[in-house]
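**Student:** Supplied in structure tokens, the structure appears directly below.
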Amino acid sequence: MAAVEVEGLRKQYGELTAVDGLSFTIEEGEVFALVGPNGAGKTTTVEILEGHRHRSGGEVRVLGFDPEHGGRDFRERIGIVLQDAGFDEDFTVAELVGLYRGLYPRSLDADAVIDQVGLADKRDARVKTLSGGQRRRLDLALGLVGDPDLLFLDEPTTGFDPSARRRAWELVDGLKALGKTILLTTHYMDEAEHLADRVGVVVRGRLVALGTPAELGAGQHEAVVSFRLPAGVDVADLPPLDGRPVAQGLEWELTTAHPTAALHTLTGWALERGVDVPALSVRRPSLEDVYLALVGDQTAAEGIDEPVRSAP
Ligand SMILES: Nc1ncnc2c1ncn2[C@@H]1O[C@H](COP(=O)(O)OP(=O)(O)OP(=O)(O)O)[C@@H](O)[C@H]1O
């Protein structure tokens with residue numbers, strides 16, 4: 001059985017269609033990332049799946065439950081890490097994690113979870129004294145302590161410093177190894193690429209792409225050849241290439257569907273002249289390149305900043 005099944009999901013806020021016919025499934029043990037621009041409908045979708053928001057149409061099953069009517073049996077099996085949970089600031093970290101732990105029949109050891117999220121030295125600190133990144137780690141601890149089968153992570157590493165992000169990634173990798181199903185939203189494409197088995201790209205409440213990071217990248221046939229100009233050479237001196245190189249700081253970048261030919265032309269020309277092409281590299285498009293191409297296309301096609309309105 002799939003952990004999450006969404007079929008034709010719709011959500012209206014008055015005239016605004018925030019979610020417009022979304023369909024996807026998440027298998028048990030899968031890490032699934034929803035990405036998309038601000039206001040695309042990710043949080044609305046996730047909140048419907050959590051049972052916190054009423055849907056306007058479509059079918060949703062989460063762990064076999066209709067989340068709107070799942071009740072306690074459902075809530076005990078899911079963990080939620082919100083962007084801003086908002087809890088009593090006078091509690092200490094250990095008190096709050098202990099409190100949450102008490103809400104679940106099957107829970108993890110509170111100190112172990114505090115350790116796991118890297119807050120061991122803040123165990124007895126009051127919540128109001130924590131930094132932004134430390135609060136996010138506390139959010140993560142609260143989502144984990146009930147030992148959920150399905151974890152919702154809403155922008156789990158926003159505000160984290162780079163090493164805290166890496167640790168959070170390791171934590172998520174560890175949860176995945178334990179067979180947990182995870183639905184995450186993120187604005188960091190490297191995060192989606194690293195963590196997610198599959199990524200769904202949502203624009204204006206619609207799914208515009210769905211696949212593994214590699215599948216999404218494979219749809220892009222272009223590669224980027226970048227290099228610096230050899231000393232004393234002007235860009236106009238280069239041989240004709242498949243496209244025009246564009247300056248990026250000190251480097252030049254050529255986006256081409258034929259990287260082999262472009263490299264051959266460039267390196268053949270350099271060898272003939274007896275010069276080196278400094279910092280020469282070829283890269284496949286990253287998930288971020290793919291995302292920007294998709295989202296740019298969609299917002300251009302649909303009119304920027306025009307919210308999608310339902311038909312009168
Ligand atoms: N309670 C609400 N009432 C009216 N409109 C809402 C409400 N909640 C969200 N919206 C609108 O629905 C759309 C989708 O919002 P949502 O928060 O789901 O987007 P998101 O993809 O999570 O965005 P972000 O990346 O900024 O968190 C937005 O246009 C938002 O303004």
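**Student:** Filter region 47-66 for residues that are of a type outside the set (A, V, I, L, M) and part of a loop (DSSP other than H, G, I, E, B); which is surrounded by the most Cβ atoms within 10 Å (Cβ to Cβ)?
**Tutor:** 55
**Student:** Considering only residues that are out of contact with any strand residue (DSSP E or B) (no Cβ under 7 Å at 6 or more places or on another chain) and part of a loop (DSSP other than H, G, I, E, B), which ones fall in region 149-177?
**Tutor:** 157, 158, 159, 160, 161
**Student:** I've got another one for you. Might you let me know whether region 226-234 holds any residue that is at pLDDT 90 or above, assigned to a strand (DSSP E or B), under 30 Å from residue 43 (Cα atoms) and not basic (Lys, Arg)?
**Tutor:** No.
**Student:** Are any of the residues in region 141-152 at pLDDT 90 or above and closer than 19 Å to residue 287 by Cβ?
**Tutor:** Among the residues of region 141-152, not one is at pLDDT 90 or above and closer than 19 Å to residue 287 by Cβ, which makes the answer no.
**Student:** Sort through 118, 133 and tell me the only one that's in contact with a helix residue (DSSP H, G or I) (Cβ under 9 Å, 6 or more places away or on another chain), part of a helix (DSSP H, G or I), surrounded by fewer than 22 Cβ atoms within 10 Å (Cβ to Cβ) and not assigned by TED's automatic domain parsing to the domain that holds residue 36.
**Tutor:** Of 118, 133, the one residue that is in contact with a helix residue (DSSP H, G or I) (Cβ under 9 Å, 6 or more places away or on another chain), part of a helix (DSSP H, G or I), surrounded by fewer than 22 Cβ atoms within 10 Å (Cβ to Cβ) and not assigned by TED's automatic domain parsing to the domain that holds residue 36 is 133.
**Student:** Turning to a different aspect of this structure: Here are some residues: 177, 168. Which one is buried (at least 17 other Cβ atoms within 10 Å of the Cβ), among the hydrophobic types (A, V, I, L, M, F, W, C) and at negative phi?
**Tutor:** Result of the check over 177, 168: 168.
**Student:** Of the residues in region 171-195, how many are more than 16 Å from the ligand (Cβ to nearest atom) and not polar (S, T, N, Q)?
**Tutor:** Number of matching residues: 15.
**Student:** Among the residues of region 258-274, is any touching a strand residue (DSSP E or B) at 6+ places or on another chain (Cβ under 9 Å) and of a type in the set (Phe, Trp, Tyr)?
**Tutor:** no
**Student:** Are any residues in region 18-38 in a loop (DSSP other than H, G, I, E, B) and either out of contact with any strand residue (DSSP E or B) (no Cβ under 8 Å at 6 or more places or on another chain) or more than 13 Å from the ligand (Cβ to nearest atom) (or both), and if so, which ones?
**Tutor:** 27, 28, 29, 30, 38
**Student:** Go through (1) within 25 Å of residue 171 (Cα to Cα); (2) not assigned by TED's automatic domain parsing to the domain that holds residue 158 and name the single condition residue 28 misses.
**Tutor:** Answer for residue 28: the failing condition is (2).
**Student:** Being outside any strand (DSSP E or B) and within 16 Å of the ligand (Cβ to nearest atom) is the filter here; which residues of region 69-83 pass it?
**Tutor:** Of everything in region 69-83, those that are outside any strand (DSSP E or B) and within 16 Å of the ligand (Cβ to nearest atom) turn out to be 82, 83.
**Student:** Considering only region 196-225, state which residues are assigned to a helix (DSSP H, G or I) and either within 16 Å of the ligand (Cβ to nearest atom) or surrounded by fewer than 16 Cβ atoms within 10 Å (Cβ to Cβ) (or both). So that I can check it myself, show each step before the final result.
**Tutor:** First, the residues of region 196-225 that are assigned to a helix (DSSP H, G or I): 213-218.
If the condition is that a residue be assigned to a helix (DSSP H, G or I) and either within 16 Å of the ligand (Cβ to nearest atom) or surrounded by fewer than 16 Cβ atoms within 10 Å (Cβ to Cβ) (or both), then 214, 215, 218 are the ones that fit.
**Student:** Can you pull out the residues in region 226-242 that are surrounded by 15 or more Cβ atoms within 10 Å (Cβ to Cβ) and farther than 18 Å from residue 272 by Cβ?
**Tutor:** Within region 226-242, 226, 228 qualify.
**Student:** Take the residues in region 160-203 that are closer than 22 Å to residue 138 by Cα and among the acidic types (Asp, Glu); name whichever of them is farthest from the chain's Cα centre (by Cα).
**Tutor:** 161
The values are calculated or read from the model by the stated rules, or taken from the named source; none is laboratory data. Keep in mind that what you see is a predicted model, and the values were worked out from it rather than measured. Note that each Cβ is placed from the backbone with ideal geometry, even for glycine, and that neighbours are counted across all protein chains shown.
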